[in-house]
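Enquirer: Quick one: structure below, then a few questions.
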Amino acid sequence: MNQVKRIAAARSLARAGLVAVAAALPLVLPHQAAANRLSNAVAVFSGLDKITGRITTFDVYVNETVQFGALQVTPKVCYSRDDEEAQKIDSFVEVDEITLNRKIRRIFTGWMFADSPGLNAVEHAIYDVWLKGCKQTSDVPPPDGFVPPKNEVAPPDTTADSVKSLGTIETPNPDGQTLAPPQADPAQQDKPADGVELKF
């Protein structure tokens, strides 16, 4: 019976240790917990004409429509990551087809990923289109009235005072009692750290 209690106590300690390690990870690795997503002004696509076998790379400004063959490609957003992280480039894209009787038919609406071009590429009977990347500027002049997207991403603050609690993690101890972390002062809970502006 004594051995069963020791095993149960060891399991409780192991669970408590895992919870404590998981709770401490954002403090140890803050740059991995808060990835900076950057909005870009230009999406870079490649298109394949299956009849000629020619691949064309073309730049499209966000919210601009460019025609490739019988397809009209319109990126709504184009995101990349900052230099501290491996690049993960994605774009929300709408693709329309101009039919033979001059009607426009939506054939694709969704996310394209540059890392996995086959995942959500547009496959048409004659044309294929996929995302190659995102960038801030292009050699192609922007359309009239174009306003580039703003990146309002601040670098993560790694000081202990700036870490906001996302909830209470209750940890059982070997005696069967539940330990909860100390609660923050309610008067200080909604105040931003010095130099940080909160936008909702």
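Just so it is clear, none of the values below were taken in a lab; they were calculated from the coordinates. Being a predicted model, the structure only gives us computed values, none of them experimental. Positions of Cβ are generated from backbone atoms using ideal geometry, with glycine treated the same way; all protein chains shown enter the neighbour counts.
Enquirer: Applying the Karplus parametrisation 6.51 cos²θ - 1.76 cosθ + 1.60 with θ = phi - 60° to the phi angles of the stretch 64-72, what ³J(HN,Hα) value in whole Hz is obtained for each residue in order, glycine and proline being reported as x?
Expert: Each residue's phi maps through the Karplus curve to give 9, 10, 10, 9, 10, x, 9, 10, 10 Hz.
Enquirer: In addition: Given the Cα-Cα distance of Asp83 and Ile107 and 0.36 nm per residue of separation, how much length would full extension add, in nm?
Expert: Value of the extension gain: 5.2 nm.
Enquirer: Let me ask another. Each residue of the stretch 113-124 in order: what ³J(HN,Hα) in whole Hz does its phi give by Karplus 6.51 cos²θ - 1.76 cosθ + 1.60, θ = phi - 60°, with x for Gly and Pro?
Expert: My calculation for the stretch 113-124 gives 10, 5, 5, 10, x, x, 5, 9, 6, 7, 10, 10 Hz in order.
Enquirer: Moving on. With r defined as the distance between the Cβ atoms of Lys135 and Ile55 and R0 fixed at 25 Å, what FRET efficiency is calculated, to the nearest 0.05?
Expert: 0.85
Enquirer: Here's another thing I want to ask about it. For the peptides 71-79, 94-102, what is the packing order when you average, over each peptide's residues, the other Cβ atoms within 10 Å and list the highest mean first?
Expert: Going from most to least packed, we get 71-79, 94-102.
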